[in-house]
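The following block contains the structure, expressed as structure tokens.
The values are calculated or read from the model by the stated rules, or taken from the named source; none is laboratory data. These numbers were taken from a predicted model, which means no experiment stands behind them. Backbone-built Cβ (ideal geometry, glycine too); neighbour counts: all protein chains shown.
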Amino acid sequence: MLQGWGRVHARYRDLGLGARSYAFIRGSICPFDRILPYIPERGRLLDIGCGSGLWLTYLSLERPDLRLEGVDPDPRKLAIAQSTDVPDLMLHQGSALDIPESAFDCITIVDVLYLLPANDKRSVLRACREALRPGGVLIVKEIDVRPRWKFWPAAAEEFIAVLLVNLTEGDRLHFQSLEDLGADFADAGFVNIFSERVDRGYAHPHVMVRGRRKG
């Protein structure tokens, strides 16, 4: 469990067993704290595929000077996110391609791109670049396809969650390597691209890529 995650989990205690259980499990398996150092202290941030708002809730506690927005296709998850009492949270219903037209300082995409085919991924990255102000950053957290001993169990979990239980919208899984994700950033026109593994101590092969819109 992440340090300080108890404060996040407390926001979900009265939102039903499903939301409460998901918050606990997600905080146990996702390295949000390793992404946090790359998030600006202030400005405007959009989270694409925000779901029930776990990442946004965490950011509201750790980066209180950020103006937070989220977009997700599932109205039920958005209703949960709206109920977490994040100050001035703005939520939009839509797909990963439905990015609000605004100049963001930071856009995050956490475990979403693997649900999209290659062409849609590239379209999302290009749309993110256009939605960022000059100098703004895009941060993507995904699951790498290596090492295989971490990838295959993680892929099996996602297969069950997405295709069998329908916890997340999607009809196929499209995992890619860290190198290919970085190449997609470059093709989308990002500069100062930085890639890092953030899976030490975790069973899942978590990786992160950060790119900046040219100023």
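Of everything in the stretch 184-203 that's among the β-branched types (Val, Ile, Thr) and under 19 Å from Gly215 (Cα atoms), which residue is nearest to the chain's Cα centre (by Cα)?
Let us first name the residues in the stretch 184-203 that are among the β-branched types (Val, Ile, Thr), namely 191, 193, 198.
Then drop every residue that is not under 19 Å from Gly215 (Cα atoms), which leaves 191, 193.
On the way: Val191: 20, Ile193: 17 Å.
Result: Ile193.
I need the full set of residues from the stretch 28-57 which are over 24 Å from Leu97 (Cβ atoms) and crowded, with 24+ Cβ neighbours inside 10 Å, in order please.
Thr57, the sole residue that qualifies.
Before we move on, is Arg67 outside any helix (DSSP H, G or I) and free of Cβ contacts under 8 Å to residues at least 60 places away in the same chain? Walk me through it before giving the result.
Numbers: outside any helix (DSSP H, G or I): yes; free of Cβ contacts under 8 Å to residues at least 60 places away in the same chain: yes.
Taking the combined requirement at face value, the residue satisfies it.
Which pairs do you get when a residue that is over 13 Å from Ile143 (Cα atoms) and modelled with pLDDT of 95 or more, found in the stretch 170-195, comes within reach of a residue that is in a loop (DSSP other than H, G, I, E, B) and among the charged types (D, E, K, R), reach meaning Cβ atoms under 9 angstrom, with the pair 6+ apart or on two chains?
Gly189/Arg213; Gly189/Lys214; Phe190/Arg213; Phe190/Lys214; Val191/Arg213; Val191/Lys214; Asn192/Lys214
Also, quick follow-up: Within the stretch 205-215, track down each residue that is at pLDDT 95 or above and either more than 11 Å from Val140 (Cβ to Cβ) or of a type outside the set (Gly, Ala, Ser) (or both).
Passing the criteria: Pro205, His206, Val207, Met208, Val209, Arg210, Arg212, Arg213.
Could you pull out every one of the helices (runs of 4 or more DSSP H) wholly within the stretch 1-60 that has 2 or more residues that are aromatic (Phe, Trp, Tyr) and modelled with pLDDT under 95?
It comes to 17-29.
Checking the conditions here, which among Leu89, Leu46, Leu68, Leu61 is over 20 Å from Ile143 (Cβ atoms) and touching a Phe, Trp or Tyr at 6+ places or on another chain (Cβ under 8 Å)?
Numbers: Leu89 fails: touching a Phe, Trp or Tyr at 6+ places or on another chain (Cβ under 8 Å); Leu68 fails: touching a Phe, Trp or Tyr at 6+ places or on another chain (Cβ under 8 Å); Leu61 fails: touching a Phe, Trp or Tyr at 6+ places or on another chain (Cβ under 8 Å).
One residue alone meets the criteria, Leu46.
Return yes when Val71 is buried (at least 17 other Cβ atoms within 10 Å of the Cβ), under 26 Å from Pro205 (Cα atoms) and touching an Asp or Glu at 6+ places or on another chain (Cβ under 9 Å) and no when it is not. Working first, answer last.
Working: buried (at least 17 other Cβ atoms within 10 Å of the Cβ): yes; under 26 Å from Pro205 (Cα atoms): yes; touching an Asp or Glu at 6+ places or on another chain (Cβ under 9 Å): yes.
Against the criterion (buried (at least 17 other Cβ atoms within 10 Å of the Cβ), under 26 Å from Pro205 (Cα atoms) and touching an Asp or Glu at 6+ places or on another chain (Cβ under 9 Å)), Val71 qualifies.
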